[in-house]
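Chemist: One structure, pasted below without further comment.
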Amino acid sequence: MLKYALAGLIALGMAATANAQTPIVIKFSHVVAPDTPKGKGADKFKELAEKYTAGKVKIEVYPNSQLYKDKEELEALQLGSVQMLAPSLAKFGPLGAREFEAFDLPFILPTKAALRKVTDGPIGKGLFKKLESKGIIGLAYWDNGFKVMSANKPLKNPADFKGLKMRIQSSKVLEAQFRALGALPQVLAFSEVYQAMQTGVVDGSENTPSNMYTQKHNEVQKFITVSDHGYIGYAVIVNKKFWDGLPGDIRGQLEKAMDEATAYSNGISQKENDDALAAMKAANTSTFIELSPAEKAEWVKALQPVYKEMEGRVGKDLLEQILKEAKGSGA
Ligand code: LMR
């Protein structure tokens with residue numbers, strides 16, 4: 001009898017200990033490869049968060065659209081099926097946060113310094129505030145880099161885009177950008193781009209070198225134009241209910257880990273993209289096209305109407321504020 005009572009007590013004790021040690025799990029889902037600025041930032045956050053919380057929090061990172069594709073991941077975050085994401089700023093429009101699409105305007109922020117001023121200042125904070133009513137908290141802005149264009153024909157002048165099916169992220173500004181060039185924009189999830197290129201569903205796309213290289217787009221695109229015509233960056237976001245429900249000390253440690261992971265990710269993003277561009281050039285599967293200043297000026301001119309067309313969507317005031325910051329940064 002005593003033996004059974006003792007065994008029961010031991011089992012209870014073990015259950016209680018296991019319970020006390022059950023970590024809080026944060027699923028961090030993203031769509032790119034681990035070997036990218038975002039992938040490395042997510043892994044760095046995991047390392048730091050688990051260290052600072054002494055194992056009380058476990059971060060499960062799911063790269064490469066393993067859990068969700070582009071649109072689904074935002075819905076999953078709102079439902080609480082995943083706790084943390086870092087979607088590109090171009091993907092917030094369908095949520096109703098159209099202001100984020102301002103970052104998609106062609107040639108809007110010519111340097112990272114200009115961009116940092118916008119995201120780290122009141123504009124960046126104001127944009128995060130808009131997410132709260134959607135059950136989302138914005139924690140940080142992470143860089144990827146400036147975009148290049150790819151296609152199966154050389155893209156040197158604006159007229160070269162005419163009639164081409166170009167893959168875009170789900171942003172109305174990107175849609176307007178390609179329409180201004182006479183192309184036919186097609187929204188596709190990131191994980192579907194390689195196959196769409198391979199089978200001719202699309203003729204080309206735009207992306208950062210790190211995304212193109214890690215998805216092997218250069219193997220199925222004959223030409224890449226180093227246009228730097230726009231920017232891809234991310235908002236690291238969490239489910240608000242989950243985040244607000246965390247014990248304060250844990251949340252503090254996670255914020256510290258996020259600050260450091262942000263500095264790390266933003267610190268490596270330029271080199272990651274430079275290295276990816278060099279690796280694609282070395283692979284020699286695509287011909288690279290550089291634009292002369294006069295050719296670039298032609299692109300800027302052809303894309304200028306997108307600003308007027310989209311000011312109603314992203315907000316005229318916001319647009320003016322961003323342009324003012326960009327100017328103030330000496331860019
Ligand atoms: C894309 O969908 O093209 C990229 O923005 C994916 C990403 O998250 O970088």
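Chemist: I need the phi-derived Karplus couplings for the range 159-164: 6.51 cos²θ - 1.76 cosθ + 1.60, θ = phi - 60°, integer Hz, Gly and Pro marked x.
Modeler: With the stated coefficients, the range 159-164 comes to 5, 5, 7, 3, x, 7 Hz.
Chemist: Additional query: With 10 angstrom as the radius, rank S170, S88 by how many other C-beta atoms surround their C-beta, starting from the fewest.
Modeler: Final ranking by Cβ density, sparse to dense: S170, S88.
Chemist: With label points built 7 Å along Cα→Cβ from the Cα atoms of A54 and A283, find their separation and express it in nm.
Modeler: 4.6 nm
Chemist: Quick check: the angle from helix 248-283's long axis to the longest principal axis of the chain, C-alpha only, nearest 10 degrees?
Modeler: Between the helix axis and the principal axis of the chain, the angle is about 40 degrees.
Chemist: Longer than 32 Å from Cα to Cα, which of K162/K240; K117/K153; K130/K222; K271/K296; K44/K222 are they? Say none if no pair is.
Modeler: K162/K240; K117/K153; K130/K222; K44/K222
Chemist: Then there's this: Multiplying the sequence separation of K134 and E75 by 0.36 nm and subtracting their Cα-Cα distance, what value in nm do you get?
Modeler: Residue separation times 0.36 nm, minus the Cα-Cα distance, leaves 20.2 nm.
Chemist: When the chain is modelled as a GNM with alpha-carbon springs shorter than 10 Å, which of S65, S133, S81 fluctuates the most?
Modeler: Ranking S65, S133, S81 by mean-square fluctuation puts S133 first.
Chemist: Find the all-direction average of the projected area of the Cα convex hull for the chain, expressing the result in square nanometres with one decimal place.
Modeler: Value for the chain: 19.5 nm².
Chemist: Under a 5 Å amide H to amide H cut-off, with H placed in plane at 1.01 Å, what residues pair with A140 once short-range neighbours are removed?
Modeler: Close amide H contacts, sequence-distant or interchain: V236.
Chemist: For the chain, calculate the relative contact order in percent as a whole number, restricting contacts to Cα pairs under 8 Å that are 6 or more residues apart.
Modeler: 25 percent
Chemist: Additional query: Would you mind computing the Rg to Rh ratio of the range 62-206 from its alpha-carbon coordinates, Kirkwood style for Rh?
Modeler: Dividing the radius of gyration by the Kirkwood radius yields 0.98.
Chemist: What angle do you read, to the nearest 10 degrees and between 0 and 90, between the alpha-carbon axis of helix 2-21 and the longest principal axis of the chain?
Modeler: 30 degrees
Chemist: Also: Under 13 Å from the Cβ of Q321, count the other residues' Cβ atoms, weight Lys and Arg +1, Asp and Glu -1, and hand me the total.
Modeler: 0
Chemist: Any idea what angle helix 122-132 forms with the longest principal axis of the chain, computed on alpha-carbon atoms, 0 to 90 degrees, nearest 10?
Modeler: For 122-132 against the chain, the angle is about 60 degrees.
Chemist: Ok, one more. Quick one: E72, E132, fewest Cβ neighbours within 10 Å first, how do they rank?
Modeler: Neighbour counts put them in this order, fewest first: E132, E72.
Chemist: What does the charge count around I137 come to, taking other residues whose C-beta lies under 14 Å from its C-beta (Lys +1, Arg +1, Asp -1, Glu -1)?
Modeler: After counting each charged neighbour, the total is +4.
Chemist: I24's amide H: which non-local residues (gap 5+, or another chain) put their own amide H closer than 5 Å, with H modeled 1.01 Å from N in plane and none for Pro or chain starts?
Modeler: Result for I24 returns V57, K58.
Chemist: Taking θ as phi - 60°, what are the ³J(HN,Hα) couplings along the range 137-145 by the Karplus curve (6.51, -1.76, 1.60), each to the nearest whole Hz, with x for Gly and Pro?
Modeler: With coefficients 6.51, -1.76 and 1.60, one gets 10, x, 9, 6, 10, 10, 7, 10, x Hz.
Chemist: Please order T199, T53 by the number of other Cβ within 10 Å, starting at the fewest.
Modeler: Going from sparsest to densest Cβ surroundings: T199, T53.
Chemist: GNM on the chain, C-alpha springs below 10 Å: top fluctuator among S210, S292, S265?
Modeler: Per the Cα network of the chain with a 10 Å cutoff, S292 tops the list.
Chemist: Of K71, K129, K172, which is the most mobile in a GNM of the chain whose springs link Cα atoms less than 10 angstrom apart?
Modeler: Greatest mean-square fluctuation among the candidates belongs to K129.
Chemist: Which whole-Hz ³J(HN,Hα) couplings does the range 231-242 yield from phi under the Karplus relation 6.51 cos²θ - 1.76 cosθ + 1.60, θ = phi - 60°, glycine and proline marked x?
Modeler: Each residue of the range 231-242 in turn: 10, 10, x, 10, 10, 7, 10, 10, 5, 4, 4, 5 Hz.
Since every read-out is calculated from the coordinates, none of them should be taken as a lab result. Because the structure is predicted, anything quoted here is derived from the model rather than measured. Backbone-built Cβ (ideal geometry, glycine too); neighbour counts: all protein chains shown.
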